[in-house]
Amino acid sequence: TDFDKVAMRAAVKSSLEFLTAPSWAGYVISPINGLENATTDAQIDAYVQKNTATIFHPVGTASMSPKGANNGVVDPDLKVKKIAGVRVVDASVLVCSTLHFCGINS
């Protein structure tokens, strides 16, 4: 959609701005895959169109286990274990009925 194009363009511009900060000097050499020459919105849009794709959204990647258990990422209240004040409340804690549905075997 038009919104998706504007959002992706803004995300690329924001990423470029972030990665050119002095803190990244010596770690990030330069953009690649055509982004190094993209200076206009049209060029960024072309980069995004060439380098993005849809995938199955991963679900079931943060396992839930009983309170007090050593395994698992979250407890039944969706609280992340060993971290105070953090919960996972997205599809990553959903139980998957098949690996393909979860995006694991796609």
Among the residues of segment 21-37, count how many are over 21 Å from residue 52 (Cβ atoms) and open to solvent by 100 Å² or more (accessible area, probe 1.4 Å).
3
Just to be sure I understand the filter: pairs with C-beta atoms under 7 Å, separated by 6 or more residues or on different chains, first member in segment 33-44 and within 20 Å of residue 6 (Cβ to Cβ) and of a type outside the set (Phe, Trp, Tyr), second member in a loop (DSSP other than H, G, I, E, B) and at pLDDT 90 or above. Which pairs pass?
44/38
If we keep just the residues of segment 75-85 that are open to solvent by 60 Å² or more (accessible area, probe 1.4 Å) and touching a Lys or Arg at 6+ places or on another chain (Cβ under 7 Å), which is modelled with the highest pLDDT?
79
Being open to solvent by 70 Å² or more (accessible area, probe 1.4 Å) and free of Cβ contacts under 8 Å to residues at least 24 places away in the same chain: is that true of residue 55 here?
no
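The values are calculated or read from the model by the stated rules, or taken from the named source; none is laboratory data. Quantities reported herein were computed from a predicted structural model and do not represent experimental measurements. Note that each Cβ is placed from the backbone with ideal geometry, even for glycine, and that neighbours are counted across all protein chains shown. Ligands, DNA and RNA are excluded from the accessible area calculation, which covers all protein heavy atoms including side chains. Shrake-Rupley method; radii C 1.70, N 1.55, O 1.52, S 1.80 Å.
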